[in-house]
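A quick write-up on the structure given underneath.
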Amino acid sequence: MTLVITVKNVANGATVRMETEPEERIGEIIESAAEYWKKDPGAYVLKKGKTLLSASSTIDESGIIGNDILELIPDPEGGST
Amino acid sequence: MLRAGADRFNRMRMIEFLDLDAIHECRCLVVGAGALGNEVVKDLVLSGFRYITLVDHDVISRSNLSRCLFFREKDVGSVKKARAIASRARSIDPDARVRPNISRIQFVDMSDHDIILGCVDNIDARIHINSHARFLSIPYIDGATYGLRGKVQTVLSDGPCLQCAMNRTHVKQMERHFSCSGDDVFVTPIPSDITTTAVIAGMMVREAMKIVSGRSDLCSRDMCYYDGEKGTTELLDVPVDPTCPNHGGD
Ligand SMILES: [Zn+2]
């Protein structure tokens with residue numbers, strides 16, 4: 001059963017609707033979204049509300065349902081240079 | 001009224017849960033002596049931490065000067081970052097002993113420390129510190145910034161670790177670093193300013209104070225995400241990833 005979710009890019013507020021399957025992994029959603037926006041090279045994480053979603057978990061295991069809004073946020077890497 | 005001979009930590013002692021004796025005795029390992037490292041060491045020393053090992057092999061560059069309290073124009077191009085911080089930190093508190101270790105973290109024995117504060121600028125170093133800290137059961141506080149955003153994650157012997165929150169985009173980022181330089185970690189310049197750096201460093205040292213005072217229960221156990229553009233701080237739950245190599249995965 002296909003689920004339609006919304007991924008929001010917190011860097012610019014843009015959103016994209018994505019069709020997913022319950023067995024699709026969160027890691028694939030993160031990669032797809034990062035590539036969709038051709039974001040700056042870097043690492044990103046996906047959250048639902050106040051919870052980071054585990055890359056290895058599936059949509060189903062993460063408790064995601066149709067029309068959920070997930071947020072893609074950059075995972076900061078700097079500090080030393 | 002202030003007395004001239006008052007204890008320097010008089011006001012801190014009024015925060016009841018803080019254990020100043022434990023803080024004085026704690027052996028801290030700070031990894032990275034750049035922008036975050038400067039602020040973290042400053043906050044550690046002002047907070048009463050006295051035994052600090054500071055690891056960094058790099059030399060001060062001019063672009064460091066806008067964010068690094070302990071660096072001077074005359075240092076550029078010749079003075080090691082860790083040495084500059086170590087020599088000047090004692091001007092804040094003569095009892096502070098900051099020992100520079102001019103090395104990469106991959107060559108440092110972390111076992112002789114009570115707490116680790118990560119102030120590095122690449123995922124490769126984070127993964128190294130994260131796995132060793134967990135193996136050695138040493139609390140690890142990781143800080144990171146990107147422009148006006150930043151995060152702090154505290155890794156204790158139970159609960160999630162840094163790798164639990166990573167995915168393929170982290171792997172790709174590491175590959176980008178390696179592909180630019182062959183066998184070395186090449187780090188592209190990352191947007192950075194002192195205000196965000198100071199916020200993240202302050203949060204890191206505050207977590208250290210809680211842990212060393214025996215109040216790990218007060219720690220931000222998961223990821224504390226700071227967005228300086230919006231002026232928000234959000235605590236995000238990080239689930240333990242069963243596939244994480246530090247949690248029994250592959
Ligand atoms: Zn883990």
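What does the charge dipole of segment B:104-238 about its Cα centre add up to, to the nearest 20 debye, if the Cβ of each Lys and Arg holds +1 and the Cβ of each Asp and Glu holds -1?
Dipole about the Cα centre, nearest 20: 200 debye.
With the dipole of segment B:1-129 worked out from charges on the C-beta (+1 for Lys and Arg, -1 for Asp and Glu) around the Cα centre, which of B:87, B:31, B:117 lies farthest toward the positive end?
Toward the positive end, the furthest listed residue is B:87.
Shielding of B:169-175 by partners, i.e. mean partner chain Cβ atoms within 10 Å per residue?
That average works out to 6.
Once the dipole of chain B is set up with Lys and Arg at +1 and Asp and Glu at -1 on Cβ about the Cα centre, which of B:218, B:10, B:78 lies farthest towards its positive end?
The residue sitting farthest along the positive end of the dipole is B:78.
If I model segment A:3-74 as equal point scatterers sitting on the Cα atoms and use the Debye formula, what is log10 I(q)/I(0) at q = 0.17, 0.20 Å⁻¹?
With no solvent term, the Cα-only Debye profile gives -0.52, -0.74.
Ranked by Cβ crowding within 10 angstrom, fewest neighbours first, how are B:120, B:238 ordered? Walk me through the intermediate numbers first.
Working: B:120 28, B:238 23.
Going from sparsest to densest Cβ surroundings: B:238, B:120.
Give, rounded to the nearest 20 debye, the magnitude of the charge dipole that segment A:3-74 has about its Cα centre when Lys and Arg contribute +1 at Cβ and Asp and Glu contribute -1 at Cβ. Each step should come with its number before you reach the end.
Numbers: 8 positive and 12 negative charges, 88 e Å.
In debye, rounded to 20, segment A:3-74 gives about 420.
How well do other chains shield peptide B:119-128, expressed as the mean number of their Cβ atoms within 10 Å of each residue Cβ?
On the way: counts 3, 5, 6, 5, 4, 0, 2, 2, 0, 0.
Whole-number average of other-chain Cβ neighbours for B:119-128 is 3.
Which value, in debye to the nearest 20, describes the size of the charge dipole of segment B:19-245 about its Cα centre when Lys and Arg Cβ atoms bear +1, Asp and Glu Cβ atoms bear -1, and nothing else is charged?
It comes to approximately 620 debye.
Of all trypsin sites (Lys or Arg not before Pro) in segment B:1-99, which ones are in loop regions per DSSP and have a Cβ with at most 10 other Cβ atoms within 10 Å?
Filter output for segment B:1-99: B:3, B:8.
Treating cross-link reach as a plain straight distance, find the lysines whose alpha-carbon is under 29 Å from the alpha-carbon of residue A:50, omitting any fewer than eight places away in the same chain.
A:8, A:38, A:39, B:151, B:172, B:210, B:230
If we count other beta carbons within 10 Å of each Cβ, what is the order of A:77, B:175, B:16, fewest first?
B:16, B:175, A:77
Which order do B:171, B:98, B:108, B:40 fall in if you start with the one that has the fewest other Cβ atoms within 10 Å? Don't skip to the answer; put the middle values down first.
Values: B:171 13, B:98 27, B:108 18, B:40 32.
Ranking B:171, B:98, B:108, B:40 by Cβ neighbours within 10 Å, fewest first, gives B:171, B:108, B:98, B:40.
With Cβ to Cβ distances under 11 Å as the rule, what net charge do the other residues near residue A:7 carry (K, R +1; D, E -1)?
Summing Lys/Arg as +1 and Asp/Glu as -1 gives +2.
According to the square roots a ≥ b ≥ c of the eigenvalues of the Cα gyration tensor, what is the shape class of chain B, taking rounded for a/c under 1.5, prolate for a/b larger than b/c otherwise, and oblate for the remainder?
oblate
Output the antiparallel fraction of DSSP beta bridges having both residues in the protein assembly as shown, as a percent to the nearest 5.
Beta bridges within the protein assembly as shown, antiparallel portion: roughly 60 percent.
Restricting to bridges with both residues inside segment B:19-245, how much of the DSSP beta-bridge set is antiparallel, in percent to the nearest 5?
50 percent
Take each of the peptides A:12-20, A:56-64, average the number of other beta-carbon atoms within 10 Å over its residues, and list them starting from the highest. Let's see the in-between values first.
Values: A:12-20: 12.6, A:56-64: 17.3.
The most tightly packed comes first, giving A:56-64, A:12-20.
Work from the charge dipole of segment A:7-72 (Cβ charges, +1 for Lys and Arg, -1 for Asp and Glu, about the Cα centre) and give the residue of A:59, A:12, A:33 farthest towards its positive end.
Of the options given, the answer is A:12.
For segment A:3-74, give me the percentage of DSSP beta bridges that are antiparallel, rounded to the nearest 5 percent.
Of the beta bridges lying entirely in segment A:3-74, close to 75 percent run antiparallel.
Only the coordinates and a few stated rules stand behind these numbers; no lab work does. The structure displayed is predicted, hence computed values, not measured ones. Note that each Cβ is placed from the backbone with ideal geometry, even for glycine, and that neighbours are counted across all protein chains shown.
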